[in-house]
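So the structure is just underneath, and the comments pick up after that.
The values are calculated or read from the model by the stated rules, or taken from the named source; none is laboratory data. Only a predicted model underlies this, so the values are computations on that prediction, with no experimental measurement involved. Methodologically, a virtual Cβ is constructed for each residue, glycine included, from the backbone with ideal geometry; neighbour enumeration extends over all protein chains shown.
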Amino acid sequence: MSLCLENLAIRKKGGEALFTAFSLNVEKGEIVTLMGPSGCGKSTLLDAIAGHLSQEFEYSGNIKLDDSILNQQPAHKRQVGILFQDDLLFPHLTVWENLAFALPDAIKGVERKEQAMSALKQIALTSIAESFPDQISGGQRARIALTRMLLAKPKVALLDEPYSKLDKDLRQQFRNQVEEQLREANIPALMVTHDEEDIPLGSRCITWPWEGNNAR
């Protein structure tokens, strides 16, 4: 399963284009980084891929998963996972309940808790299963958010400045965990950041704003 963007352009309705003629292919197991300052359209591109583009924007071109065009599909059918800079855990649910919430609907009853607990065991966090998000550390919340995203079995992962709210000591540790788990999931991933240290070693990076052939 690969993510393919074909000749994509996003513009404000009745206004200027944020970017035009952007094409990219991200293979399964690959993490591609878009790097540039805030406010230049990186996150808006992720919104378009996920199906959450604000009504003030419009786009042309194709967003494809293998041979399936996603343009007209609603967000909940695209199977696109997103990891934000904020963990967005539900404050009224315990840690295991947050994970169980992400599981496919086909998983019922006690099996939902069993799978949530199994996921916590894999990341060595079973001790906080009954805790609420405000009772655990920022690093733990970040790991739970990543695990929740992957439990939903997305076909594509989008990462929107996922490390920016973590302190320096946690950032590198969490980067390694994200890269390892995304590659293990073997799905294409597209990350946006403004920090060169976030770029996975040896991976492709595209500088933004998009000005044509500026990949490196």
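Regarding GLY61, is this residue assigned to a strand (DSSP E or B) and either crowded, with 16+ Cβ neighbours inside 10 Å or modelled with pLDDT of 95 or more (or both)? Answer is yes for this residue. Residues in the range 179-197 that are of a type outside the set (S, T, N, Q) and within 22 Å of PRO154 (Cα to Cα): GLU179, GLU180, LEU182, ARG183, GLU184, ALA185, ILE187, PRO188, ALA189, LEU190, MET191, VAL192. Inspection of the range 80-92 finds a residue satisfying the criterion of being surrounded by fewer than 15 Cβ atoms within 10 Å (Cβ to Cβ), more than 18 Å from the chain's Cα centre (by Cα) and free of Cβ contacts under 8 Å to residues at least 60 places away in the same chain.
You will find that of LEU99, LEU83, LEU5, the residue that is out of contact with any Phe, Trp or Tyr (no Cβ under 8 Å at 6 or more places or on another chain) and closer than 24 Å to THR207 by Cβ is LEU83 and no other. Scanning the range 91-135 for residues that are more than 28 Å from LEU65 (Cβ to Cβ) and in a loop (DSSP other than H, G, I, E, B) gives PRO91, HIS92, LEU93, THR94, GLY109, ALA124, LEU125, ALA129, GLU130, SER131, PHE132.
Of the strands (runs of 3 or more DSSP E) that lie entirely inside the range 155-216, those containing 2 or more residues that are under 14 Å from the mean Cα position of the chain (by Cα) span 156-160, 189-193. Within the range 1-37, the residues that satisfy the criterion of being part of a loop (DSSP other than H, G, I, E, B) and in contact (Cβ under 8 Å) with a residue 60 or more places away in the chain are MET1, SER2, GLU27, LYS28, GLY29, GLU30, GLY36, PRO37.
Per this entry, ALA116 is not counted among residues that are surrounded by 13 or more Cβ atoms within 10 Å (Cβ to Cβ) and either under 30 Å from LYS42 (Cβ atoms) or among the basic types (Lys, Arg) (or both).
For (1) in contact with a Lys or Arg (Cβ under 8 Å, 6 or more places away or on another chain); (2) over 25 Å from CYS4 (Cβ atoms); (3) surrounded by fewer than 19 Cβ atoms within 10 Å (Cβ to Cβ), each residue gets a yes or a no:
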{"position": "ASP134", "(1), (2), (3)": "no, yes, yes"}
{"position": "ALA152", "(1), (2), (3)": "no, no, yes"}
{"position": "LEU190", "(1), (2), (3)": "no, no, no"}
{"position": "ASP195", "(1), (2), (3)": "no, yes, yes"}
{"position": "TRP208", "(1), (2), (3)": "yes, no, no"}
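Number of residues in the range 99-135 that are under 21 Å from GLU180 (Cβ atoms) and either under 18 Å from the mean Cα position of the chain (by Cα) or among the β-branched types (Val, Ile, Thr) (or both) equals 5.
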